[in-house]
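Q: Quick one: the structure is below, and I'll ask about it shortly.
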Amino acid sequence: MDYQTTVSGNETTSKKQKKKENKAFDQKPTAAFVGASWASLCIGVVSYCIGLWNAEMLLNEKGYYFTILLFGLFSVISVQKSVRDKLEGIAVTQLYYSISWITTIIAILLLIIGLWNAELALSEKGFYAISFLLSIYAAIAVQKNTRDIAFIDRSENEKQ
């Protein structure tokens, strides 16, 4: 059998060019999806905070849960930004990418540990968990929509 063991120069350069090309994002997210993402974020964060406000727990416990919410929101936005930057060919250090994933996991684990040890009714624990998950998921969607809209607007302005 005759196997080809070398690659011509033209094939190598064309493969490299294909890898460097950015994928075309030519459709903006619909207004309904953008609105639903923002509504989900607001509902998640506001309901979580109302739950904390009305909870019968010490102020330091309320601060702990509120800080976890903020930490989680920032972490998932960092993850989404890092993933998107890599997709668009923007340099992202492996350290930042790893830290953003690690902090996201830590935020979720801190919430789980806090709720596991809290003296709350099971329904309250579930409420905080679901509100937290809704909030971080919605934060990712809002960040994605914002990034998509900015990318498309920038592309349209460059074409003109």
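The values are calculated or read from the model by the stated rules, or taken from the named source; none is laboratory data. Small disclaimer: the values here were computed from a predicted structure and weren't measured. Here Cβ is always computed from backbone atoms with ideal geometry, including for glycine, and neighbour counts include all displayed protein chains.
Q: Kindly indicate the residue of the stretch 44-92 that is of a type in the set (Val, Ile, Thr) and in a loop (DSSP other than H, G, I, E, B) and also surrounded by the most Cβ atoms within 10 Å (Cβ to Cβ) among those meeting that condition.
A: VAL92
Q: Could you look through the stretch 30-89, keep only residues that are touching a residue at least 24 places away in the same chain (Cβ under 8 Å) and of a type in the set (S, T, N, Q), and pick out the one that is farthest from ALA139 (Cα to Cα)?
A: My answer is SER47.
Q: Name the one entry in SER131, SER98, SER155, SER123 that is under 19 Å from LEU41 (Cβ atoms), hydroxyl-bearing (Ser, Thr, Tyr) and in a helix (DSSP H, G or I).
A: Numbers: SER98 fails: under 19 Å from LEU41 (Cβ atoms); SER155 fails: under 19 Å from LEU41 (Cβ atoms); SER123 fails: under 19 Å from LEU41 (Cβ atoms).
Being under 19 Å from LEU41 (Cβ atoms), hydroxyl-bearing (Ser, Thr, Tyr) and in a helix (DSSP H, G or I) holds for just one of SER131, SER98, SER155, SER123, which is SER131.
Q: Something else: Filter the stretch 39-84 down to residues that are within 15 Å of the chain's Cα centre (by Cα) and of a type in the set (Phe, Trp, Tyr), then give me how many there are.
A: 2
Q: What's the total number of residues in the stretch 21-36 that are farther than 14 Å from ILE152 by Cβ, assigned to a loop (DSSP other than H, G, I, E, B) and modelled with pLDDT of 65 or more?
A: So the answer is 0.
Q: Under 9 Å by Cβ, and 6 or more places apart or on different chains, what pairs join a residue from the stretch 96-120 that is under 17 Å from SER82 (Cα atoms) with one that is of a type in the set (Asp, Glu) and surrounded by 11 or more Cβ atoms within 10 Å (Cβ to Cβ)?
A: Once the first residue is under 17 Å from SER82 (Cα atoms) and sits in the stretch 96-120, its partners that are of a type in the set (Asp, Glu) and surrounded by 11 or more Cβ atoms within 10 Å (Cβ to Cβ) give TYR97/ASP85.
Q: Would you pick out the residues in the stretch 101-120 that are part of a helix (DSSP H, G or I) and either under 19 Å from VAL46 (Cβ atoms) or of a type in the set (Gly, Ala, Ser) (or both)? First the steps, then the outcome.
A: Of all residues in the stretch 101-120, those part of a helix (DSSP H, G or I) come to 101-117.
Once the filter is applied, which keeps residues that are part of a helix (DSSP H, G or I) and either under 19 Å from VAL46 (Cβ atoms) or of a type in the set (Gly, Ala, Ser) (or both), the stretch 101-120 yields ALA107, LEU111, GLY114.
Q: Only one of PHE151, PHE132 is surrounded by 13 or more Cβ atoms within 10 Å (Cβ to Cβ), among the aromatic types (Phe, Trp, Tyr) and modelled with pLDDT under 95. Can you tell me which? Full working, then the answer.
A: On the way: PHE132 fails: modelled with pLDDT under 95.
Answer to the selection: PHE151.
Q: On the given criteria, is TYR137 touching a residue at least 60 places away in the same chain (Cβ under 8 Å), of a type in the set (Ser, Thr, Tyr) and within 25 Å of GLY35 (Cβ to Cβ)?
A: On the way: touching a residue at least 60 places away in the same chain (Cβ under 8 Å): yes; of a type in the set (Ser, Thr, Tyr): yes; within 25 Å of GLY35 (Cβ to Cβ): yes.
Spelling it out, TYR137 is indeed touching a residue at least 60 places away in the same chain (Cβ under 8 Å), of a type in the set (Ser, Thr, Tyr) and within 25 Å of GLY35 (Cβ to Cβ).
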